[in-house]
Amino acid sequence: MKKKPEFPGAKPYNDRHGKRRWRFRAKGGFQRELGTSYGCPDFISRYEAAVKEHETGKKGGVAADRTIPGSLNDLIASWYRSPDFRNLADVTKRLYRGQVEPLRVKHGNKPSALMERRHIMKILAEKVDTPVAANHLRKRLIQLLDHAVALEWRKDNPARLVKPYRVASEGIHTWDEGEIARFYEVHKDGTVAHRAMVLMLYTGAARVDAVKLGWANIKPTEDGYRLLYRRQKTVKTNGEMVNIPIHPDLWAVIEPLPKDRPFLVTAYGKSRSPTGLGKRLRAWCDEANLSECSSHGLRKACARRLAEAGATANEIMSVTGHKTLSEVQRYTAAAMREELADAAMQKLISRPNREQTVVNLPHRFAKNNDNNMKIKDK
C-alpha cells in the first residue's frame, strides 16, 4: 500500500534562483507558501494554517493569529480587506496577490512603519534582470504604503521616491497586418482559432471578456445588430459598458453559431477560462510561427486599426472600453507615428522661401570665411 504523505497537498518547487521551496495546493486553485525547511516548526505552523484556511474559508496563514501588529504581514492583510482591493476584478486580485505574496513570505514580519527608500530599492534590485516584474512590484508597494498612510501607520510613502526601471521593450507586441494575414492563412474559416481571432480583432475585447461573449450580448436595433457587454476588469465598480455595432466580418463568423452558449466554447461545449484562451491562442500563434504575438496584442491591433482609419481617441475608447485617454494614446502612438512624421516632413518641404533658404546657406558660410581670413591677414 502506498504510504500516505506526511503533509498532504505540500508540493516542492524550485524558485528562479534554483532554491527548493514548498507550497500547499488544494482544489480550486488554492495555494499558500510553506517556506524552505520541510517539517520544521514554522513549516508545520504554516501548513496547519493553510489547511484550516482552505477548509473554513477563513484566513489563517501567514496568518491572523501569528501576525505581528504593524508588520508588513499586517499591512498586506489589511490591504486585502480594504475597499480598494476588494473592488478589483477577480483576475486583477489574483494578479496582485501573485506579486505581493512572495514579498510577504520574505519580509512579512518586518515593521511596515520602518520601511525606507533604501529598503525598497534593495527589494526591487533582486528583480533587476526582470525589470517589468520589478516595476509591477514597485506599483504594489506604492499601493501598500499609501494604505499604510491612510491607516496613519506612517506619514510618508518612500516607494513613490523610487524610480521605475527602464524597460527596453515597447511593451506587448501589437499585431501587424502581415501577422494577421499569416494567422488566417494557417487557421482557416470555421476553426475555433479563426473565430477567436475575428472576435477579438473586431471587438478589442480582452480575454476575460472574450470568453464570456455570446448571443446574450447581441442586441437587435433598427440599424442592425450591436454587441453590448460590461468589461469584467471594472465590473465591480460599475465599469465601462461597451456598445458597438457588429462589423460585417465578425457577423459572418458568429451568425451561424449556436444561440445557447458563448462563442468560444471548448470542443466539449464548456466555457473557456481567460487563462485557457490565452494558452490556446499561444499554441495557435506558435502553429503559425508567430512567436511575438499574443492575445493582448490583438486588443492593441484593434486600437491600431481604428487609429489608422482616422478614429479619434474618444472614438477608440468607445470601442475598446478604455477609461482614460492616456491608455488609448499609449496603444495608438506607434500606429500614428509614421503618418505624423509624413505630415511634418511635408510641411517642411512645402514651406515658403524654402529654396532661397537652402541655396543661400553655403554662400553665407563662404562670406563668413572670407571675413575671418581678412581679420587674420591684418
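Compute the FRET efficiency between Ala252 and Glu327 as 1/(1 + (r/R0)^6), taking r as their Cβ-Cβ distance and R0 = 35 Å, and round to the nearest 0.05. It comes out at approximately 0.70. For the chain, the extents of the C-alpha atoms along the principal axes are 99, 74, 42 Å, listed from largest to smallest. Could you check the simple spin-label distance between Arg160 and Lys19, using points 7 Å along Cα→Cβ, in nm with one decimal? With each label placed 7 Å out from Cα toward Cβ, I get 3.2 nm.
Based on C-alpha pairs under 8 angstrom that are at least 6 apart in sequence, the chain has a relative contact order of 11 percent.
Other residues whose C-beta falls under 12 angstrom from the C-beta of Arg25 contribute a net charge of +3, scoring Lys and Arg +1 and Asp and Glu -1.
Would you calculate, for the chain, the mean residue ellipticity at 222 nm contributed by helices, counting each DSSP H stretch of 4 or more residues as -39,500 (n - 2.57) and dividing by all residues, to the nearest 500? Rounded to the nearest 500, it is -16000 deg cm²/dmol. Inter-label distance, Ser291 to Ser82: 4.2 nm, where each label sits 7 Å from its Cα along the C-beta direction.
Among Leu34, Leu298, Leu264, the largest mean-square fluctuation in a Gaussian network model of the chain (Cα springs under 10 Å) belongs to Leu34.
Once you wrap a convex hull around the alpha carbon atoms of region 72-161, what is its projected area averaged over all directions, in nm²?
Values: hull surface 21.8 nm².
Projected over every direction and averaged, the Cα hull of region 72-161 covers 5.4 nm².
Using only the Cα atoms of region 10-56, build the gyration tensor, take square roots of its eigenvalues as a ≥ b ≥ c, and label the shape rounded, prolate or oblate: rounded if a/c is under 1.5, else prolate if a/b is larger than b/c, else oblate. Taking the square roots of the gyration eigenvalues as a ≥ b ≥ c, region 10-56 is oblate.
When the dipole is taken about the Cα centre of the chain, and only Lys, Arg (+1) and Asp, Glu (-1) are charged at their Cβ, what size is it in debye, to the nearest 20? Intermediate values should be presented prior to the final figure.
Working: 70 positive and 43 negative charges, 343 e Å.
Using only the charged Cβ atoms, the result is roughly 1640 debye.
Select from Ala134, Ala344, Ala313 the residue whose mean-square fluctuation is largest in a Gaussian network model of the chain (Cα-Cα springs shorter than 10 Å). So, out of Ala134, Ala344, Ala313, the one fluctuating most is Ala344.
Take every Cα pair under 8 Å in region 72-161 that's 6+ residues apart, average their separations, divide by the length, and report that relative contact order as a whole percent. Don't skip to the end; give the middle numbers.
On the way: 65 pairs, mean separation 29.9, N = 90.
33 percent.
Read-outs throughout are calculated quantities, based only on the coordinates presented, and are distinct from any laboratory measurement. This is a predicted model, so every value here is computed, not measured. Note that we place each Cβ from the backbone using ideal geometry, even for glycine, and neighbour counts take in every protein chain shown.
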